[in-house]
Amino acid sequence: MSKPPQVPLQHPYEGYDAKYVLSPEAASIPCASLGHAGLLSELNRILHTAYTLKTPGAFTLLEDCISSKYDFGTAYAHLRPFWVCLHWIAGDLVSLRNMFAEYEKNDQKAREDAQVKGTIVKPYSVPPRRVWDLQAHRVVPGWRTFQPCPSYWPVSHSWADAIAIIDTPVNQYEWPVPIPVGVTLEMVRNELLNLGAEYAWLDILCLRQRSDDPEKEKIRLREWEIDVPTIGNAYQFSKTEQTVQYCNGLGRPFETFGWDGPRHWLNRAWTLQEINWEAIIGGVTEEIPVPMDAARTDGDCTTTLRTMMEPLTVILTNNNSMLLFLLLEEMKRRFASGDIDKIAGLGYLLRSHTLPTYYESQSVDKA
C-alpha cells in the first residue's frame, strides 16, 4: 500500500513566535495542579512578563482560572490578549471585569437583536460565536479576542467519506468532533500556524456539532437557528481575509483526481458561500506545489483547479437580474445532506434582507 503524500506545513511549527505556542500536553495541565504561583510563573515565562502575586489584579485573575477548573490552555487563551498590559489595566479590577462583561453582553445582544420571531433580521451583522486560538490550542468565545473584527483565518473544507468521531480538550469536550480518518487536529493546527494564523474558524470546533447528550442537543438546535444561516459570515468577518481551502477533506493532501465526486470541495452546497478568490489551498505537497495550476489526472488533462473555479467568478461577481438563475443552476448541481441546506445557502448568497432561522427537520416547502 502506497504511503500518502506528506504535507510539509503540517510538521510542528518552528516559527519566530513558536515560544508562544503551547504543546497539547502543556495546554492540558489543570490550573489547580499548577497553583497560583505555578500558573503565574508559566505565564511570565511564556509572555516575558515579571509580575508577582502582588501585581494588582494578578492573584484574582489566577484564582478565577483555578476556581473555574480551567486547564492551562484555556487560562492562556483567556489571559494572553491583555496579559502584557496587566500592570496598567488591572489597577482597577472592577473596570477590567466590567470590560469582560461588556464584551460578552454585546456579543449576546448582537445575536438577540438579529433574530425576531423566527426571522433573522440582521443576518450580516452576526459575528462568529467561537474561534480557535491556535497558540493556546483551545476554542474560545469570539469576544475573548477583544477585537471587534478578530484576525482569524476561516477554514473551508469538504467532508470526507471516512470520518472519526473524537472527544478533545480543544473544545473543552463540549461535543464530539468529526474529523477525517488519518487526520488530527494537531496536523491542521500546525499547518495553520505555519501559514501565519493566530486564530482560526473551523466549523467542527467553532460550530456546535451533534452530541448524544440530550441537553447539549437542545443547545445545538438553538444555536443552529442563527449560526447555520449566517455561517457565511465566518468567511466575511475576518480582517485577514485569508481563507484556507481544503479540497479533498480537512487536513488531507491536495489531489488531482476525484474532482467530480460528491464529496469534493467543488461540488458541495455549503462551500459555494465560502469561496474567497484570495484563498490559500491547504494540504499542499511537494509533488503538487501550485494546486491552482495543477491539471487533473482523471479527466481532461487541460483542466486545472483555476479553470474549474472560473465559472464561479462569473456567478459571484454578477449583480444583474441573472444572478438568481445562475445561483440556482450552480446550487442545483451541488450535493448536500438535505435540500434545506441548499435553501439556507441560497438565501445567504442572494444577500436577502432577512433570512429564516434554520430548523434541520423543517420541510423544504416551508423553508
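Readers should treat all values here as calculations from the given coordinates under stated rules, not as data from a laboratory. Quantities reported herein were computed from a predicted structural model and do not represent experimental measurements. Neighbour counts run over all protein chains shown; Cβ positions are idealised from the backbone, glycine included.
Spin-label pair E215-E102: with each label point 7 Å from Cα along the Cα-Cβ axis, the two points sit 3.3 nm from one another. Listed by Cβ neighbour count within 10 Å, with the fewest neighbours leading, D339, D133, D107 appear as D339, D107, D133. Amide H contacts of I120 (H built 1.01 Å from N, in plane; Pro and chain starts excluded): L355, T357 sit under 5 Å, all sequence-distant by 5 or more or on other chains. Overall, the ratio between the Cα radius of gyration of segment 143-190 and 2.2 N^0.38 Å, rounded to two decimals, is 1.38.
For the pair N319 and N276, label points projected 7 Å from Cα toward Cβ lie 2.2 nm apart. Computed across segment 120-356, the Kirkwood radius stands at 18.5 Å (inverse of mean 1/r, all Cα pairs). Just to confirm my numbers, what's the Cα centroid distance between segment 97-167 and segment 174-235 in Å? If we compute the Cα centre of each part, the gap is 10 Å. Helix 214-227 axis versus longest C-alpha principal axis of the chain: approximately 60°, rounded to the nearest ten.
Sorting R189, R351, R97 from the fewest to the most surrounding beta carbons within 10 angstrom yields R351, R97, R189. Return the subset of K117/K216; K54/K109; K117/K342; K105/K216; K122/K218; K117/K218 for which the Cα-Cα distance in this structure is over 26 Å, preserving the input order. Going by Cα-Cα distance, K54/K109 fall outside the 26 Å limit.
Checking every one of the chymotrypsin sites (Phe, Trp or Tyr not before Pro) in segment 1-93 against DSSP loop status and a limit of 13 other Cβ atoms within 10 Å picks out Y16. Extension gain for the segment K122 to Q6, taken as residue separation times 0.36 nm less the Cα-Cα distance, is 37.4 nm to one decimal.
Figure legend: label point modelled 7 angstrom from the Cα of E112 along Cα→Cβ; no residues of segment 195-231 have amide N under 13 Å from it. In segment 234-367, Rg over Rh equals 0.98, where Rg is the alpha-carbon radius of gyration and Rh the Kirkwood radius from pairwise Cα distances. Neighbour counting of Cβ atoms within 10 Å sorts the residues H137, H78, H48, fewest neighbours leading, into H48, H78, H137. What residues from segment 322-364 fall in the zone where the backbone N is under 17 Å from a label point 7 Å along the Cα-to-C-beta line of D298? Hits in segment 322-364 for D298 at 17 Å: 335.
Applying the criteria of a DSSP loop state and at most 16 other Cβ atoms within 10 Å to the chymotrypsin sites (Phe, Trp or Tyr not before Pro) of segment 272-367 yields W277, Y359. Enter the angle in degrees (range 0 to 90, nearest 10) between the Cα long axis of helix 323-333 and the first principal axis of the Cα atoms of the chain, meaning the one along which they spread out most. Between helix and principal axis, roughly 90 degrees.
The trypsin sites (Lys or Arg not before Pro) found in segment 192-229 that occupy coil by DSSP, while having at most 16 further C-beta atoms within 10 Å, are R210.
Think of each Lys and Arg Cβ as +1 and each Asp and Glu Cβ as -1; about the Cα centre, that makes the dipole of the chain roughly 700 debye.
The stretch between S95 and E360, if pulled fully straight at 0.36 nm per residue, gains 91.2 nm over its current Cα-Cα span.
Only helical runs count toward this figure. For the chain, summing -39,500 (n - 2.57) over DSSP H runs of n ≥ 4 and dividing by all residues gives -11000 deg cm²/dmol at 222 nm.
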